[in-house]
Amino acid sequence: MALGKYSRVDNRRQNSSYCSTVTITVFVGFCLVGVWMMTSSSVVPGQGVDVPAQENKNEVKQQVPESNEINPKQPEDSPGDLPEDATQGDSSTPEEKPKEIPEEKPEEKPEEKPEEKPEEKLEEKQEEKREDKPEEKPEEKSNEDTKSDDGSTTETQNGGTNAEDGDTKINNGETNTKDGGTKPDDGESNAAGQGDSEENSTEKKPGTDETETKLGENTGEGEDGETGNDKIDEKVDQKDSKEADKSSDGQANNQSSGELLPSGAQSELLNETTTQSGSWSTQSAESKNEKETQKSSNQQGGYNWKLCNVTAGPDYIPCLDNWQKIRSLHSTKHYEHRERHCPEEPPTCLVPLPEGYKRPIEWPTSREKIWYHNVPHTKLAQIKGHQNWVKVTGEFLTFPGGGTQFKHGALHYIDFINESVPGIAWGKQTRVILDVGCGVASFGGYLFDRDVLAMSFAPKDEHEAQVQFALERGIPAISAVMGTKRLPYPGRVFDAVHCARCRVPWHIEGGKLLLELNRVLRPGGFFVWSATPVYQKLAEDVEIWQAMTELTKAMCWELVSINKDTINGVGVATYRKPTSNDCYEQRSKQEPPLCEASDDPNAAWNVPLQACMHKVPVDSLERGSQWPEQWPARLGKAPYWMLSSQVGVYGKPAPEDFTADYEHWKRVVSNSYLLGIGINWSSVRNAMDMRSVYGGFAAALKELNVWVMNVITVDSPDTLPIIYERGLFGIYHDWCESFSTYPRSYDLLHADHLFSKVKKRCSMEAVFAEVDRILRPEGKLIVRDNVETINELENMARSMQWEVRMTYSKDKEGLLCVQKSMWRPRESETLTFAIA
């Protein structure tokens, strides 16, 4: 030891002068005092002594000037023990080392370590870091695993902190918190061990207050949309990083942290936010964020998406392609095999893309032609080409605008109907219609030119992909059939119903199917029937016509017009539903019978058909007793039957609720959706509001060339009649099942607080897989929901390699806008129930 050396020196100088002895003694005394001051932070005070944290802080600051005498080379730390500079003292030049320091060693023994106070240990490590210089850091870096309170492990190596479950990327003072870990970008050295995490949790810098205040004001606004202790996108005070970077003596990282000393013991680490005053996050914040994220959802890497291996391939509709259920049906007489048969567990696999799929052609060009490879089916062109349904033209499928009953174009046919029955008044009196057996929906496609919305539907049958053609063209349609169940619409909502050679046997079984049209048709509305029995004299046609005449008379429908279109060579019969119950009461024979008073005409979700008629409402304040205002006035006014005595969905009197909702969505759409989230609305044609209320979102898009399918979920207040009353349309649906549409149907999906509600009943993975199925590649999903749900959806979107266009949060509510990609997984999953 050095002491032995000093002893030998003293023995060789026994004859020195008394003056020299005194000088050496005084010098050694000063050295002892200096060493004691330098090591005082490592000395454990007696148990009866309570040293305030602030006093410790001031004491250490007073020692800083003497640290210039410290030899920069330090021994390597011993994990789990006190630092060696605390047990050995600080090194001086050999000539200046103390002769004896035996009295200090007992206080520095490791066994007394349990008595050491947390704040003093933190100061001790802080003092050690202050003495270090960058060039010597590789010698003092420790390689150890530090376990946090919750058992999670942070691996600390080479001065950087890499959390197993995530990383925080720090660059130029900006911290992007991803999954709760820290990862310095520029090779900055983090202090090793749990002690430094605790130190950072309590330390404060000058200027840190400003940073924390700013973050507190924006706790709801972050990349991941979480608030408080949740993951957020933080802007760390640039001042801190600049102070670390501009250090001229090589202490870039330790300079700023050396100025930050603990102000006291942190009693509740779990209440911290991720606000930091440097390049390091706290272990408490990291672990808390990670536990909360794992609790709410799987991490991005936890999703294992697979392709659906099914008979239908790229055209897979889970509830219509359940072959296991279809094969077990006892009868298909009433088209049971074309109805919905959803699997017990909704699939979580992704539907493949057709080979050669391209971005769809935009409206209105899409009404005339679409890419062949997007809907690569030619069978319909072969059997219906002569009727101008669809033709194959090079790389396109073209649509001349014809149909079975209007070979020479839909517009002429539409105008012919209006001339035959002026009361129809397309686009004014008649705004929303139902087109049964729509084919490729050219009739509905050209009704847009007359300001009319057509809800078109047809079954998924031998007329290959007819509804898919319609949707690819930008025309609203769903896959459905008139079979054994009610259509998914409320009663008395359609202004007119149209059937052009729709192949529905209206007259059989007591007219059960025609009575279903009577249920959904508004009193005073029209049924437009264009079929061979109207104008042909074949025996079968004559028989059907006679049966229809008797049935419609018994239903009190008035035959308004029978006219023949000479250009198309077809005839059209138009009937009108009564506006009173007088005819029903005067019938000599009550066939078809009136429905029971307990029968709700609005009940439509999986309700069996009944061969009965509902009475016409006669109360002036009852829905259906009056015709709505003409379009477009009906869009913005609360229906006459919404009364102030009724409580709306949001708690206000119903008319005020309606108006407030409309004003809200006009502001949101104009101020945010149209301008603030980067959507090119010229590329949006088919849109869906997955959880509509009053149809405010759709109404706010009125001036755009966009149609919106308003979905009222089966567990929400039944406001769908209000949507129809204002001249919009929609459908009932349960999002725990697949929607009755083909894959890649919609350009934009909008979900306002849908997912947080639906995940209480069914799998979020399955619902998001359904979103992926019906949304087109490059299509947008806009979600408004709570922050937890937003984060979960963002993780799912990223796992599918979707582009996150925007996230925003405030007061625990968030907004997410993502864009679907072309990515498809390579691994596949065979769904046995979907194999024909």
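The values are calculated or read from the model by the stated rules, or taken from the named source; none is laboratory data. In this text the structure is predicted, and so the values were computed from the model without any measurement. Cβ placement follows ideal geometry from the backbone for every residue including glycine, while neighbour counts extend to all protein chains displayed. Each accessible area value is taken on the protein alone, full model and side chains, heavy atoms only, with ligands, DNA and RNA left out. Shrake-Rupley method; radii C 1.70, N 1.55, O 1.52, S 1.80 Å.
Just a few scattered comments:
- Using a probe of 1.4 angstrom and keeping all protein chains present, the accessible surface of segment 682-749 works out to 19 square angstrom per residue.
- Translational diffusion coefficient (Stokes-Einstein; Kirkwood radius from C-alpha pairs) of segment 544-695 at 25 °C, 0.890 mPa s, in µm²/s: 121
- Rounded Å value of the spacing that divides the Cα centres of segment 311-379 and segment 666-738: 23
- The tail of the calculated P(r) for segment 783-836 beyond 12 Å holds 68 percent of all Cα-Cα pairs.
- With a simple spin-label model that places each label point 7 Å from the Cα along the Cα-to-Cβ direction, the separation between Trp605 and Lys652 comes to 2.7 nm.
- Whole-Hz couplings from phi, Karplus 6.51/-1.76/1.60, listed for segment 555-567; x for Gly and Pro: 8, 6, 7, 8, 7, 7, 7, 10, 9, 10, 8, 5, 5
- Taking 29 Å as the limit for the C-alpha separation, the pairs Lys780/Lys812; Lys333/Lys391; Lys333/Lys384; Lys306/Lys759; Lys369/Lys577; Lys564/Lys702 exceed it in the case of Lys333/Lys391; Lys369/Lys577; Lys564/Lys702.
- Here the 3J(HN,Hα) profile of segment 664-673, calculated from phi with Karplus coefficients 6.51, -1.76 and 1.60 at θ = phi - 60°, is 4, 6, 5, 5, 4, 5, 6, 8, 10, 5 Hz, Gly and Pro shown as x.
- Taking packing as the residue-averaged number of other Cβ atoms within 10 angstrom, the listed peptides 486-494, 728-736 run from highest to lowest as 486-494, 728-736.
- For Val497, distant residues with modelled amide H under 5 Å away: Leu434, Phe526, Phe527, Val528
- Quick note on segment 517-570: its Rg to Rh ratio, both from C-alpha atoms and Rh being the Kirkwood radius, is 0.99.
- 3J(HN,Hα) from dihedral phi, segment 712-721, Karplus parametrisation 6.51/-1.76/1.60, rounded to Hz, x for glycine, proline: 9, 5, 5, 9, 10, x, 7, 9, 4, x
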